[in-house]
Amino acid sequence: STPTAVLQQPSSTLTYVAIGASDTYGIGADDPDTQNWPADLSTLLGRNIHLLNLGVPNIDVHSALGVELPIALDAHPDLVTVWLAVNDLADNVPVASYAHDLDLLLARLRTSLPHARIAVANVPDITLLPRFKSYNMQTLRTQILAYNAVIASSVARHSALLVNLYQSDLAQHPEYISNDGFHPDTIGYAQIAQLFYRI
């Protein structure tokens, strides 16, 4: 059950749509257009990949329902990745609201794209990032765990694949973080692509 399994299909081109925010767009990379993690993942998948990166900086799940989801559905992709969580958490979107919107997003994807492979990333351990140093760590960790529980539940409900960034060592590597202390850098994005690829 890996994304590469889709490549066994006779179709010569795999359509891959990435739904996400600034970290999907590539903010923090030397060249966001070519060094974002969806582009890196496309390279790892090999063959003929048609990538549609819908990442919009500062977007949250609720906005993505109207901005990114319709474009994703129109593309009829074979593979969809979703990484929409950190902005919602940082903006203090209530867990229940986030859960409702994420569930709606995944339900619409699954209903319209019954055969597509859908991979969803959770919240990494952002307590280790410089951007969150001023936060109450216990409160922040509780929020992360609450969000990740919701993500795991929704992923399971809609037969998607969970990319568990929280249990990765991403945030423990300063060299993976850009100068803003928040977004990954070029090296970090390559590591994220590897985590998606391995599922």
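The values are calculated or read from the model by the stated rules, or taken from the named source; none is laboratory data. Here the structure is a predicted model, which is why all the values come from computation and not from measurement. Cβ atoms come from the backbone with ideal geometry, glycine included; neighbour counts cover every protein chain shown. Remember, those area values only see protein heavy atoms, side chains included, never the ligands or the DNA or RNA. Shrake-Rupley method; radii C 1.70, N 1.55, O 1.52, S 1.80 Å.
Couplings 3J(HN,Hα) of segment 70-84, computed from phi: x, 5, 4, 5, 5, 7, 6, x, 8, 9, 10, 10, 10, 9, 9 Hz, in residue order, whole Hz [Karplus 6.51 cos²θ - 1.76 cosθ + 1.60, θ = phi - 60°; x for Gly and Pro].
Of all the options Ser63, Ser134, Ser178, the one that moves most in a Gaussian network model of the chain with Cα springs shorter than 10 angstrom is Ser134.
Adding -39500 (n - 2.57) for every DSSP H run of four residues or longer, then dividing by how many residues the chain holds, sets the calculated 222 nm ellipticity at -12500 deg cm²/dmol. Entry comment: accessible area of the chain is 45 Å² per residue, from protein heavy atoms only and a probe of 1.4 Å. In order along segment 37-46, the phi-based Karplus estimate (6.51 cos²θ - 1.76 cosθ + 1.60, θ = phi - 60°) of 3J(HN,Hα) comes to 5, x, 5, 5, 5, 4, 5, 5, 5, x Hz; Gly and Pro are listed as x. The calculated FRET efficiency for the pair Leu44 and His173, based on their C-beta separation and a Förster distance of 30 Å, comes to about 0.95.
Coupling constants for segment 134-145 follow from the phi torsions by the Karplus curve (6.51 cos²θ - 1.76 cosθ + 1.60, θ = phi - 60°), and in residue order they are 7, 6, 6, 5, 5, 5, 5, 5, 4, 5, 4, 5 Hz; glycine and proline get x. Only protein heavy atoms count here; under a 1.4 Å probe, Thr142 has an accessible surface of about 90 Å².
Rounded to the nearest Å, what's the spacing between the alpha carbon centres of segment 13-39 and segment 42-64? Just the number, please. When both Cα centres are located, 5 Å separates them. As I understand it, the value is the acute angle between the Cα axis of helix 186-198 and the longest principal axis of the Cα atoms of the chain; what does it come to in degrees, rounded to 10? So the inclination is approximately 60 degrees.
Among Ile118, Trp83, Tyr25, whose Cα sits farthest toward the positive end of the charge dipole of the chain (+1 at Cβ of Lys/Arg, -1 at Cβ of Asp/Glu, about the Cα centre)? Value computed over the given set: Ile118.
Radius of gyration (Cα atoms) of the chain, expressed as a multiple of 2.2 N^0.38 Å: 0.96.
How large a share of the accessible area of segment 89-195, in percent, is made up of carbon and sulfur atoms when the probe is 1.4 Å and the other protein chains stay in place?
On the way: 2740 of 5090 Å².
Roughly 54 percent, rounded to a whole number.
Compactness of segment 55-139 was expressed as the Cα radius of gyration divided by 2.2 N^0.38 Å, which yields 1.21. A cut-off of 5 Å between modelled amide H atoms, ignoring neighbours fewer than 5 places along the same chain, links His50 with Leu14, Thr15, Tyr16.
Rounded to the nearest 20, the size of the Cβ-charge dipole of the chain about its Cα centre is 620 debye, with Lys and Arg at +1 and Asp and Glu at -1.
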